[in-house]
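Student: Take a look at this one; I'll ask things after.
The values are calculated or read from the model by the stated rules, or taken from the named source; none is laboratory data. In this text the structure is predicted, and so the values were computed from the model without any measurement. Neighbour counts run over all protein chains shown; Cβ positions are idealised from the backbone, glycine included. Just the protein is used for accessible areas: all its heavy atoms, side chains included, with ligands, DNA and RNA removed. Shrake-Rupley method; radii C 1.70, N 1.55, O 1.52, S 1.80 Å.
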Protein chains: 2
Amino acid sequence: MESQQEHKFKVIGTRPIRHDGVDKVTGRAKYGADISLPGMLHGKVLRSPHAHARIKSIDVSAALALPGVKAVITGADFPDIGDNLVQVGENFVNARHLSQNIMARGKVLYDGHAVAAVVATSPHIAEEATKLIKVEYEPLPHVQNVLTAMKDDAPILHPALRTGGTPEKSDKQTNVANQVRFARGDLAAGFAAAAVIVEREFDTTMVHQGYIEPLNAVAQYNQDGHGTIWVSTQGPFAVRELTGHILQMNRGDIKVIPAEIGGGFGGKTTVYLEPLALLLSKKTGRPVKMVMTRNEVLRATGPTSGSHIRVKIGANKEGKITAAQVWMAYEAGAFPGSPIGVACMTVLAPYDLEHLQIDGFDVVLNKPKTAAYRAPGTTNAALGVETVVDELAEKLGVDPLEFRRLNGAQEGTAQPAGPQFRRIGFLETIAAIKNSPHYQSPLPKSENGKLRGRGVASGFWINAGFQSTATVSINTDGTANVVTGSPDIGGTRTSCAMIAAEVLGLKAEDVHPVVADTESIGHTDTTGGSRVTFATGYAVYEAAQDAVRQLKERAATLWKVKPEEVVYQDGAVSCTTNGNESLTLIQLAGRLPRAGGPVTGRASVQPRGVGPAFTTHVVDVEVDAETGKVEILRYTAAQDVGKAVHPGYVEGQIQGGVAQGVGWALNEEYYYDENGILRNTGFLDYRMPTCLDLPMIETILVEVPNPGHPIGIRGVGEVPIVPPPAAIANALYRAVGVRMTELPMSPPKVCKAITEKRG
Amino acid sequence: MESQQEHKFKVIGTRPIRHDGVDKVTGRAKYGADISLPGMLHGKVLRSPHAHARIKSIDVSAALALPGVKAVITGADFPDIGDNLVQVGENFVNARHLSQNIMARGKVLYDGHAVAAVVATSPHIAEEATKLIKVEYEPLPHVQNVLTAMKDDAPILHPALRTGGTPEKSDKQTNVANQVRFARGDLAAGFAAAAVIVEREFDTTMVHQGYIEPLNAVAQYNQDGHGTIWVSTQGPFAVRELTGHILQMNRGDIKVIPAEIGGGFGGKTTVYLEPLALLLSKKTGRPVKMVMTRNEVLRATGPTSGSHIRVKIGANKEGKITAAQVWMAYEAGAFPGSPIGVACMTVLAPYDLEHLQIDGFDVVLNKPKTAAYRAPGTTNAALGVETVVDELAEKLGVDPLEFRRLNGAQEGTAQPAGPQFRRIGFLETIAAIKNSPHYQSPLPKSENGKLRGRGVASGFWINAGFQSTATVSINTDGTANVVTGSPDIGGTRTSCAMIAAEVLGLKAEDVHPVVADTESIGHTDTTGGSRVTFATGYAVYEAAQDAVRQLKERAATLWKVKPEEVVYQDGAVSCTTNGNESLTLIQLAGRLPRAGGPVTGRASVQPRGVGPAFTTHVVDVEVDAETGKVEILRYTAAQDVGKAVHPGYVEGQIQGGVAQGVGWALNEEYYYDENGILRNTGFLDYRMPTCLDLPMIETILVEVPNPGHPIGIRGVGEVPIVPPPAAIANALYRAVGVRMTELPMSPPKVCKAITEKRG
């Protein structure tokens, strides 16, 4: 394949039907909870009713006495594994914290924290038995506000956590687990050069990924020390790694079989039930299934961080930003590990800045441990920067898109974290919105007296590369199979098949994609970071090239020429030195038994040419000033998608991301009462947008090929969630004249802000 | 790895516990009939009660009217696919014949021939429904004796089958489907030079593979034209190929998932239920399970050929064979395709012959179509040659082992089919038996007046290579996974894992073997022909070397040296140019994320260096002259096993092959009545040996490395079945003085022979 610029793709860019479509629409696809094994038991978890409490005692005798109950485990059943960091792909996870998060030791740290798990012959008996476990708690003061948690006199969650990170450096107990700073230039000089400075503070609450399918795990421990786990997960290799460390088993002795996955959005990248189920299976000698309720999902699994953010940006009269300062405190939940690091890397990255300072704080408090959620940490941060930028533009009398064009990052711009961007398409997304039918049309007047406004905002996401493996094998009928280790959460079976089809000169339908278990394919990092079509696709591309190399060798054997004399093009081999020799892949596949045997290509990659994602959104809103209800009238997102492998799926990713961003902007929030108990633990009270809340999201695919990928692919799945809260806040300002600085912009808050403004 | 001669193996030759052991002994391993899917239906087959009849009409209306019945199929539901030969690996199969064998068209050709299939909500309803199908038959004359079937006036099974093979060449109808001849030298001159000539005729009946697990298939046809089949099979890729041709589906659109397999012995290398189940699933839109009863297995699936064999061998006074002539007619069953070809290649191969002629005939008759059975066709043939050789030795006054040593094939000997042997270990097996404790001990006298005798016989099997694929991936903990496409019928998961462990310097337990489905691994031919440890093991060896190459590259990246400066030995990389740099595989595996990413090796091979197998057996028998019952007192088999990867499994293969050979020799037979109906359709009447019928089989592993394999591996699984009938016949002669020429040597026949001899 020549360089991407000149190449006319035949499969890339088309919209074939997804390979797993029939299975999914007919209900045949197997999700984690669909797995059943002979003799299987069912496990249930007893969870803390306190936000923070010491566990004085646990008496499981009555539970064990209930007929049908086979075993009970508590924190005492888990090995003590120290504070070692476990490498999961290119990330590091504190396995001890993770182990304590999935089963409390000594203290409970949040409402919903697991205290014990019961396994019984039915899920109902197991649930009854959890109620028979007697736990004596000593309630402790709790803290749930990130700024309060940072104070010197705040209740301390982890006595061993000290300022500076280690007991050696300081003996001061703290809830601040980590601190990040990026700085460049002379901040004071920058602000001194500004004609206008805007400074605001923002608050956002925890929100949940809200995947349809609750967490689950089926585990079987064999007498030979091997374990198998069937689970809906974004990262089967991470499940193997983490479960192995938590239970102190060899990772190679654990086989993780990824089921279909009913949504993840980052929330299914760690473990909750897997080690419990495997340990219960070990204790009972029988397979164990565990499935969470929605209550458990919301109380005890990965929301994303709430945050407190301060943004100060100055610009000169020409509209050029002279300095920017951001201070962010992110809720990690009960254990260290918010996405503050990546938030600091992304928050100012869309702009070309000479003087900047970014400070980030990772803060533990008595809420569930956060997990990744689509562009982790970046939506909160963008709310701050993109609304302040809007205000600056307004004050300078500059069109907000023009302001962004003037300051926008482009090829060669240095990111806050240091590296320069290669070719990116931020400015192109601004232009695309500017020229869009949506932006070019005036905002339609309301006919019911409600107030309307139009807002824009941009977004950046760093995207990930990491490690992937793929094999590509040729079938006897000239079709091909692609095996990867990347669970398919957004159509990546098809995008991987399309990449192989492009290289091999086949139709997408003639390539059969398989998502394999952790023993059947080489190491592959988690589906996340918008990395699958980029990195696993890269592995597929290389594996297909490896297959092509061998196909040329086979043809050379048939024709008794050198492999260099054979070319492969458009699904056929031909001989350069003898023009008459030519075989289609179908013909060649049938002759492989006479040419040296079958062909399988493989590649394990760790591609470094990750292409970041930029996007610009425009939204029209209508506000009911009486109730504070905000309605989305029209929404258009323009995104640099590199090369869109399957444009339909790219559009779907954009629409899905915007929908989640709208929910985050307007309604979703973790609502804790004064005792630190989560009050909205179901989808009736935790209000996610439905299709009735949204217009059709319009999408504009801007294709600026990623120079770091042979097909030009960039990750596309996460960045769409970044601008919506800011874009809606900006639109809301144009409608009602108030600048919202708190998420969600729910009716009570909007109503209050309008009332306050009107006096 | 250096050349095999000098290499000290660390894993090869040891006896680790089998990786699938716990699953199998605890009942967790999933066999075909263990598969169940939601909404699954159950299918049953209606079978012919006639040996040969025209189908005048089939009325399925009453069956369809039975509540619970969802569909009925007959021959009319299958596409007409012509006489094209389908390539399955390196073999060719007539797909039309195969299609007609699994569902009759117009005529039934044997008792048990499938006529219709019913699918219903339960297997019981399906079975009831088969009884409601009204089939009007016009019985035709049948033929079940191979010599009768060859006669001009025999009832003809296939009107289109003509002498010479095609209608163009001849218009004479025939049951002789194929004819083979190997000839060399001057037969008349050879016999003229003989001092002694022995000529005898032999008859053997059909015998069944007798696997424990009946045939089964679960199939699901999807609305997008794709199908999935779960089945206990030796050849998932063959199932895909054959089912695709029979149903005229793209092979790539069919995914075959091999279940565990409860014995196959060659009998599970073709299809019976798979296309029926998939077609019924297509008709009903629901998954369909079909499982045969033992009655169906015996009546309608792959026994091996009965045969009529004539052997004439002459030898001079020095004991050197001067000429050999063999004439063999093999029962193909109702459709062409006995193992006559390979029988002709193997029958005289153990001997170094100047003058020879071998004629073979493939004959159709009204019995089930034969399938492969352990060293197909060779046991029948060896009965003839090895008993005639025994008689020649006796007449010349030469020790039978010495006679074989004098005439035995060795390196450079030309096979009857032409090619010269490379290094083989036939003479070594003769010497091993000669020096064995068994042969060196005198035959113990009987204390009950029964007659005893000791016999020897040798055997040869050609072994197969064909095509295999393997991948080897490195886990993050430095262990490895091996993926192959070879269903494990004899411990090959472990032998493949051991080969990878040897190359990688790991323990066998640290390599996790996986048998994958047809989409998850590249093309791999059927488990059969004693090829898996040889050929799939070859692919594993090469894939592991591919992984080692990449591990050296990764280490070179870490150390900033060239890959050529890195050596891999004993599970560790070290730098040749900087003696301080060294990493174990465990250490290196942990650093791969910083060294270019994970490592997966792959190889698709078609190894040409197949090493044939030779064996020599000695057996002591005791004969009850009153009843004709033969008891096996002691049995020792010495076999050239190349390099025994797992000696315990090799011994198991030898013991299993001898056990099956003893059953064939003494008891097993297909017993048809005068109407051509099989009368012994269960294991109570079809008499296989039990452990009470056998002593512990003693084994001697002779290791003459195969020069065509990097580890010296030869196939070991089939040849052990070849000598037992001949060895037992020779022992029986020494005991009671009669030369048996008919299998089985069952009590009535032995009794009759003794009575006739005694007058």
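Student: Which residues, counting only those in region A:412-436, are open to solvent by 80 Å² or more (accessible area, probe 1.4 Å) and in a loop (DSSP other than H, G, I, E, B)?
Tutor: Listed by number, the residues that qualify are A:Arg422, A:Arg423, A:Asn435.
Student: Only residues that are under 20 Å from A:Tyr686 (Cα atoms) and open to solvent by less than 20 Å² (accessible area, probe 1.4 Å): list them for region A:729-756, please.
Tutor: The answer is A:Leu743, A:Pro744, A:Met745, A:Ser746, A:Val750.
Student: Continuing with this model, one more query. If you scan region A:250-287, which residues turn out to be open to solvent by less than 10 Å² (accessible area, probe 1.4 Å) and either of a type in the set (Lys, Arg) or within 14 Å of another protein chain (Cβ to nearest Cβ) (or both)?
Tutor: A:Gly252, A:Ile254, A:Val256, A:Lys268, A:Ser281, A:Pro287
Student: Out of A:Arg405, A:Arg452, which single residue is assigned by TED's automatic domain parsing to the domain that holds A:Thr636 and either without any contact (Cβ under 8 Å) to a residue 60 or more places away in the chain or farther than 30 Å from A:Gly611 by Cα (or both)?
Tutor: Numbers: A:Arg405 fails: assigned by TED's automatic domain parsing to the domain that holds A:Thr636.
After ruling out the rest, the residue left standing is A:Arg452.
Student: Name the one entry in A:Ile35, A:Ile58, A:Ile17, A:Ile12 that is out of contact with any Asp or Glu (no Cβ under 7 Å at 6 or more places or on another chain) and under 30 Å from A:Glu502 (Cα atoms).
Tutor: Details: A:Ile35 fails: under 30 Å from A:Glu502 (Cα atoms); A:Ile58 fails: under 30 Å from A:Glu502 (Cα atoms); A:Ile12 fails: out of contact with any Asp or Glu (no Cβ under 7 Å at 6 or more places or on another chain).
Result of the check over A:Ile35, A:Ile58, A:Ile17, A:Ile12: A:Ile17.
Student: Something else now. Looking only at region A:726-752, which residues are touching a residue at least 40 places away in the same chain (Cβ under 8 Å), under 12 Å from A:Val623 (Cα atoms) and among the hydrophobic types (A, V, I, L, M, F, W, C)?
Tutor: Passing the criteria: A:Ile728, A:Ala729, A:Ala731, A:Leu732, A:Ala735, A:Val736, A:Met745, A:Val750, A:Cys751.
Student: Residues being assigned to a loop (DSSP other than H, G, I, E, B), open to solvent by less than 60 Å² (accessible area, probe 1.4 Å) and modelled with pLDDT of 95 or more: count how many of those fall in region A:437-458.
Tutor: So the first thing to find is which residues in region A:437-458 are assigned to a loop (DSSP other than H, G, I, E, B), and the list is A:441-450.
From the residues that got through so far, the ones that are open to solvent by less than 60 Å² (accessible area, probe 1.4 Å) too are A:441, A:443, A:446.
From what is left, the residues that are modelled with pLDDT of 95 or more are A:441, A:443.
Summing the residues that are assigned to a loop (DSSP other than H, G, I, E, B), open to solvent by less than 60 Å² (accessible area, probe 1.4 Å) and modelled with pLDDT of 95 or more in region A:437-458 gives 2.
Student: Oh, and also: In region A:324-342, how many residues are of a type in the set (A, V, I, L, M) and in contact with an Asp or Glu (Cβ under 8 Å, 6 or more places away or on another chain)?
Tutor: 4
Student: Go through region B:636-674 and report how many residues are within 20 Å of B:Ala457 (Cβ to Cβ), open to solvent by less than 30 Å² (accessible area, probe 1.4 Å) and part of a loop (DSSP other than H, G, I, E, B).
Tutor: Within region B:636-674, residues that are within 20 Å of B:Ala457 (Cβ to Cβ), open to solvent by less than 30 Å² (accessible area, probe 1.4 Å) and part of a loop (DSSP other than H, G, I, E, B) number 2.
Student: Moving on. Can you pull out the residues in region B:354-369 that are open to solvent by less than 10 Å² (accessible area, probe 1.4 Å) and in contact with a Gly (Cβ under 9 Å, 6 or more places away or on another chain)?
Tutor: B:Leu356, B:Gly360, B:Asp362, B:Val364, B:Leu365, B:Asn366, B:Pro368
Student: So is B:Gly628 touching a residue at least 12 places away in the same chain (Cβ under 8 Å) and within 14 Å of chain A (Cβ to nearest Cβ) or not?
Tutor: Working: touching a residue at least 12 places away in the same chain (Cβ under 8 Å): yes; within 14 Å of chain A (Cβ to nearest Cβ): no.
Criteria not met by B:Gly628.
Student: So in region A:240-249, with the set limited to residues that are touching a residue at least 40 places away in the same chain (Cβ under 8 Å) and within 13 Å of chain B (Cβ to nearest Cβ), which one is farthest from A:Val483 (Cα to Cα)? Show your work before the answer.
Tutor: We begin by selecting, within region A:240-249, every residue touching a residue at least 40 places away in the same chain (Cβ under 8 Å); these are A:240-242, A:245-248.
After this cut, where a residue has to be within 13 Å of chain B (Cβ to nearest Cβ) as well, the list is A:240-242, A:245, A:248.
Working: A:Arg240: 19, A:Glu241: 21, A:Leu242: 24, A:His245: 27, A:Gln248: 29 Å.
Among those residues, the one meeting the criterion is A:Gln248.
Student: Right, next: Could you list, in sequence order, the residues of region B:480-534 that are open to solvent by 10 Å² or more (accessible area, probe 1.4 Å), part of a loop (DSSP other than H, G, I, E, B) and of a type in the set (Ser, Thr, Tyr)?
Tutor: B:Ser520, B:Thr526, B:Ser530
Student: Turning to a different aspect of this structure: Could you please find all residues in region A:23-56 being closer than 23 Å to A:Ala277 by Cα and among the hydrophobic types (A, V, I, L, M, F, W, C)? Before you say what the answer is, go through the steps one by one.
Tutor: Of all residues in region A:23-56, those closer than 23 Å to A:Ala277 by Cα come to A:29-49, A:55.
If the condition is that a residue be closer than 23 Å to A:Ala277 by Cα and among the hydrophobic types (A, V, I, L, M, F, W, C), then A:Ala29, A:Ala33, A:Ile35, A:Leu37, A:Met40, A:Leu41, A:Val45, A:Leu46, A:Ile55 are the ones that fit.
Student: Against the definition (farther than 30 Å from A:Ile433 by Cα, part of a strand (DSSP E or B) and away from chain B (no Cβ under 14 Å)), how does A:Leu633 come out, yes or no?
Tutor: Working: farther than 30 Å from A:Ile433 by Cα: no; part of a strand (DSSP E or B): yes; away from chain B (no Cβ under 14 Å): yes.
In short, no.
Student: Next question. Residue check: is B:Val326 within 19 Å of the chain's Cα centre (by Cα), β-branched (Val, Ile, Thr), away from chain A (no Cβ under 14 Å) and not in a loop (DSSP other than H, G, I, E, B)?
Tutor: Working: within 19 Å of the chain's Cα centre (by Cα): no; β-branched (Val, Ile, Thr): yes; away from chain A (no Cβ under 14 Å): yes; not in a loop (DSSP other than H, G, I, E, B): yes.
No: the conditions fail for B:Val326.
Student: Further question: I need the full set of residues from region B:591-617 which are in a helix (DSSP H, G or I) and either facing another protein chain (nearest Cβ under 9 Å) or buried (at least 19 other Cβ atoms within 10 Å of the Cβ) (or both), in order please.
Tutor: Here is the first cut: in region B:591-617, the ones in a helix (DSSP H, G or I) are B:591-594.
Of everything in region B:591-617, those that are in a helix (DSSP H, G or I) and either facing another protein chain (nearest Cβ under 9 Å) or buried (at least 19 other Cβ atoms within 10 Å of the Cβ) (or both) turn out to be B:Leu592, B:Pro593, B:Arg594.
Student: Output yes when any residue across region B:553-570 is basic (Lys, Arg), surrounded by fewer than 19 Cβ atoms within 10 Å (Cβ to Cβ), free of Cβ contacts under 8 Å to residues at least 60 places away in the same chain and within 19 Å of B:Thr476 (Cβ to Cβ), and no when none is. Show your work before the answer.
Tutor: Filtering region B:553-570 down to residues basic (Lys, Arg) leaves B:554, B:560, B:562.
From the residues that got through so far, the ones that are surrounded by fewer than 19 Cβ atoms within 10 Å (Cβ to Cβ) too are B:560, B:562.
Narrowing further to those that are free of Cβ contacts under 8 Å to residues at least 60 places away in the same chain: B:560, B:562.
Remaining after also requiring within 19 Å of B:Thr476 (Cβ to Cβ): none.
Checked region B:553-570: no residue is basic (Lys, Arg), surrounded by fewer than 19 Cβ atoms within 10 Å (Cβ to Cβ), free of Cβ contacts under 8 Å to residues at least 60 places away in the same chain and within 19 Å of B:Thr476 (Cβ to Cβ).
Student: Just need a number here: residues in region B:223-239 that are open to solvent by 10 Å² or more (accessible area, probe 1.4 Å) and either more than 8 Å from chain A (Cβ to nearest Cβ) or at pLDDT 95 or above (or both). Working first, answer last.
Tutor: Our first condition is that a residue be open to solvent by 10 Å² or more (accessible area, probe 1.4 Å); within region B:223-239, this holds for B:223-226, B:228, B:230.
Adding the requirement that they be either more than 8 Å from chain A (Cβ to nearest Cβ) or at pLDDT 95 or above (or both) leaves B:225-226, B:228, B:230.
Number satisfying all stated conditions: 4.
Student: Right, here's the next one. Within region B:572-587, work out how many residues are within 14 Å of chain A (Cβ to nearest Cβ) and either within 42 Å of the chain's Cα centre (by Cα) or within 30 Å of B:Ile700 (Cβ to Cβ) (or both).
Tutor: Keep residues of region B:572-587 that are within 14 Å of chain A (Cβ to nearest Cβ), which gives B:585-587.
From what's left, either within 42 Å of the chain's Cα centre (by Cα) or within 30 Å of B:Ile700 (Cβ to Cβ) (or both): B:585-586.
Within region B:572-587, residues that are within 14 Å of chain A (Cβ to nearest Cβ) and either within 42 Å of the chain's Cα centre (by Cα) or within 30 Å of B:Ile700 (Cβ to Cβ) (or both) number 2.
Student: Right, another one. Could you say whether any residue in region B:63-75 is open to solvent by less than 30 Å² (accessible area, probe 1.4 Å), more than 14 Å from chain A (Cβ to nearest Cβ), assigned to a loop (DSSP other than H, G, I, E, B) and over 22 Å from B:Val256 (Cα atoms)? Break it down into steps so the answer makes sense when it comes.
Tutor: Just the residues of region B:63-75 that are open to solvent by less than 30 Å² (accessible area, probe 1.4 Å), to begin with: B:63, B:68-69, B:71-75.
If we keep only those that are more than 14 Å from chain A (Cβ to nearest Cβ) as well, we get B:63, B:68-69, B:71-75.
Those left that are additionally assigned to a loop (DSSP other than H, G, I, E, B): B:68.
This time we only want the ones that are over 22 Å from B:Val256 (Cα atoms), so: B:68.
Yes, that holds for at least one residue.
Student: Is it true that A:Leu588 is open to solvent by 20 Å² or more (accessible area, probe 1.4 Å) and among the aliphatic types (A, V, I, L, M)?
Tutor: Judged against the criteria, A:Leu588 is not a match.
Student: Return only the number of the condition from (1) at pLDDT below 95; (2) more than 14 Å from chain B (Cβ to nearest Cβ); (3) over 20 Å from A:Thr301 (Cβ atoms) that A:Thr121 does not satisfy.
Tutor: Every condition holds for A:Thr121 apart from (1).
Student: Of all residues in region A:722-759, which are in a loop (DSSP other than H, G, I, E, B) and touching a helix residue (DSSP H, G or I) at 6+ places or on another chain (Cβ under 8 Å)?
Tutor: Step one: filter region A:722-759 for residues in a loop (DSSP other than H, G, I, E, B), giving A:722-723, A:737-741, A:743-746, A:759.
Those that are in a loop (DSSP other than H, G, I, E, B) and touching a helix residue (DSSP H, G or I) at 6+ places or on another chain (Cβ under 8 Å): A:Val722, A:Pro723, A:Gly737, A:Val738, A:Arg739, A:Met740, A:Thr741, A:Leu743, A:Pro744, A:Met745, A:Ser746.
Student: Another one. Say we look at region B:463-479 and pick out the residues that are closer than 24 Å to B:Gly657 by Cα and surrounded by 23 or more Cβ atoms within 10 Å (Cβ to Cβ); which of these is farthest from the other protein chains (Cβ to nearest Cβ)? Full working, then the answer.
Tutor: First, pick out the residues of region B:463-479 that are closer than 24 Å to B:Gly657 by Cα: B:463-466.
From the residues that got through so far, the ones that are surrounded by 23 or more Cβ atoms within 10 Å (Cβ to Cβ) too are B:463, B:465-466.
On the way: B:Asn463: 17, B:Gly465: 9, B:Phe466: 8 Å.
Here the residue is B:Asn463.
Student: When you scan region A:4-16, how many residues do you find that are at pLDDT below 95 and within 14 Å of another protein chain (Cβ to nearest Cβ)? Spell out how you get there, then give the answer.
Tutor: Going residue by residue through region A:4-16, those that are at pLDDT below 95 are A:4-8.
The next check asks that each one be within 14 Å of another protein chain (Cβ to nearest Cβ); those that pass are none.
Looking only at that region, the number is 0.
Student: Name, by its number, the condition in (1) within 13 Å of chain B (Cβ to nearest Cβ); (2) open to solvent by 20 Å² or more (accessible area, probe 1.4 Å) that does not hold for A:Gln550.
Tutor: (2)
Student: Let me ask another. Quick one: is A:Val658 touching a His at 6+ places or on another chain (Cβ under 8 Å) and of a type in the set (A, V, I, L, M)?
Tutor: Values: touching a His at 6+ places or on another chain (Cβ under 8 Å): yes; of a type in the set (A, V, I, L, M): yes.
Here the answer is yes, as A:Val658 does meet what is asked.
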